[in-house]
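A quick write-up on the structure given underneath.
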Amino acid sequence: MSRTLKWILAVNLAVLAILAFVYPHLMVGPGKLIPGHAKLEADCFACHSAFTGAESQRCTTCHKPQDIGKLTTVGLPIDKPLTKTPFHQKLVSSDCVACHSDHAGVKRFRTTGRFNHLLLEKTARAECQTCHKAPTDDLHRQVTGQCSQCHSQDKWTPATFDHRKYFELDRDHNVQCVTCHVRNDYSRYTCYGCHEHSEQKIRREHIEEGIRDFNNCVECHRNADEHDIRGDFGKGRGEGKDSKRRKREKDDD
Amino acid sequence: MTHNLWRSHILPFTLLVGLLGAATLVGDFLLHRFNLVWIGRYLGIPGTLLIIASLFYSLRKRKMIASGNVKSWLRMHEVGTWLGSLMVLLHAGIHFNAILPWLATVAMGVNVISGMVGKLLLGRSREHVLGQRDHYQLRGMSKEDIERAVFWDAVTLDAMAKWRKVHIPIFIVFAVLALGHILSIFLFWGWA
């Protein structure tokens, strides 16, 4: 490599190094800062510490945790808060970068709309409706229990409600909810919503077995298998029914 | 330039460069399609390590290290730099955030092309011109006629040899720019 070329290379690289220090936001910054921090764009160390990144302590010198969502950094009330209820006061620790990224290039890697609820104090974690609006559909309007009975705090869907605990929706029962829960009333159900289970037929079959209390089907039947019977009627009656059926089949032969 | 030189040497070179571009586009698309963009964010690290590892060939060639077969090191240099470049290109994605890393990416691209010229064109073209000379000699052509026949091949070869001379300076530019990018990441990244 010639001496001239070496010099040209050295000068160019030195110019680039100087530019990196004079215009760090253009040369090395991972994208534009959020508008609120635009004034800080050439002052990387306003937020960053060398080799340890952006530190929460630096954020909280301006953004007091007790004021977030209520007052601006200059102490004025916030006209239009981003959340209905201020919740930063209920965080277990001030780990700002766990949720916030100010550079456009870093924000790209954040999954928007995700919030780790473990960052909240335990009591605040159970108060879903202070931040979230309750769904207004027929199903949720009837639910009076805690959201966590069916939903995890990681994601709303899929809900963890397990219908199998009550009745297994197998291929024979792959139907619309209203077939069993008339008018979407999930506090009650009926098994007579389809032509397979007419009230007369069910009554006849149960009376044959000596079962008179057959109004609450899921008390004994948890799936489409009529031999998989639970409760007090399960053992004796199930076997009786089997033996009776076998006898009937034998008679038919 | 003869038709053969284009078909046998420049075309494979173009294909190898094109394959790098195509693999980058396909990889970038797949990372976005399957919501795995975060993988691209970290591909810069193995990509850089592969490129650094491939430099052992240069050390071996200059006898700065003695172990290993030069041919094997060369193979590793070729594969390592191609694969490392692919990873770095995927890491860069199509997002423009800062000037320095993009200058490093461009310098890397020029460096890869320069390296491929060294690998494909220079090596094969030299063999091709020598082969052509032998062929014409066997046919009983005079020395002047042979020189005339291989003239454009020789000119191309000469130009390519000169072009290859910029490979080292380009590498130095790439190395310094990449180092600047890596240092800035070390300086500002939240390692804690």
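Since every read-out is calculated from the coordinates, none of them should be taken as a lab result. Keep in mind that this is a model prediction, so the values were computed, not measured. Virtual Cβ from ideal backbone geometry, glycine too; neighbours counted across all protein chains shown.
Remark on A:HIS197: its backbone amide H falls under 5 Å from none of the residues 5 or more positions apart or on other chains, H modelled at 1.01 Å from N. The Rg/Rh ratio of region B:61-192, with Rg taken over Cα atoms and Rh as the Kirkwood radius over Cα pairs, comes to 1.15. Each Lys and Arg contributes +1 and each Asp and Glu -1, all at the Cβ; summed about the Cα centre of the protein assembly as shown, the dipole is approximately 1840 debye.
For A:GLN66, the shell of other residues with beta-carbons less than 15 Å away shows a net charge of +1, using +1 for Lys and Arg and -1 for Asp and Glu. A DSSP coil position with no more than 15 other Cβ atoms inside 10 Å describes the following chymotrypsin sites (Phe, Trp or Tyr not before Pro) in region B:49-99: B:PHE96. Modelled this way, with points 7 Å down the Cα-to-C-beta line, the labels at A:GLN129 and A:ARG3 are 8.4 nm from one another. Assuming charge only on the beta carbon of Lys and Arg (+1) and of Asp and Glu (-1), the dipole of region B:39-163 about its Cα centre is about 440 debye to the nearest 20.
Pairs spanning more than 19 Å between alpha-carbon atoms, out of B:LYS71/B:LYS165; A:LYS133/A:LYS155; A:LYS80/A:LYS155; B:LYS119/B:LYS143: B:LYS71/B:LYS165; A:LYS80/A:LYS155; B:LYS119/B:LYS143.
Per-residue ellipticity at 222 nm, computed for chain A from helices alone with -39500 (n - 2.57) per DSSP H run of at least four residues, works out to -8500 deg cm²/dmol. Loop-located chymotrypsin sites (Phe, Trp or Tyr not before Pro) in region A:1-56 (DSSP state not H, G, I, E or B) with no more than 13 neighbouring Cβ atoms inside 10 Å: A:PHE51.
Here B:ILE182, A:ILE68 are placed in order of increasing Cβ neighbour count within 10 Å, fewest first, which gives B:ILE182, A:ILE68. Only loop residues by DSSP count here, and only those with at most 13 other Cβ atoms within 10 Å; note down the GluC sites (Glu not before Pro) in region A:133-224 that meet that. Those satisfying the criteria are A:GLU196. Using the Cβ of A:CYS131 as centre and a radius below 12 Å, the other residues enclosed give a net charge of +3, where K and R count +1 and D and E count -1.
Global dimensions of chain A from alpha-carbon coordinates: Rg and Dmax equal 32.9, 109 Å.
Straight Cα distances below 16 angstrom link B:LYS61 to the aspartates and glutamates B:GLU78, with same-chain residues fewer than 8 positions distant left out.
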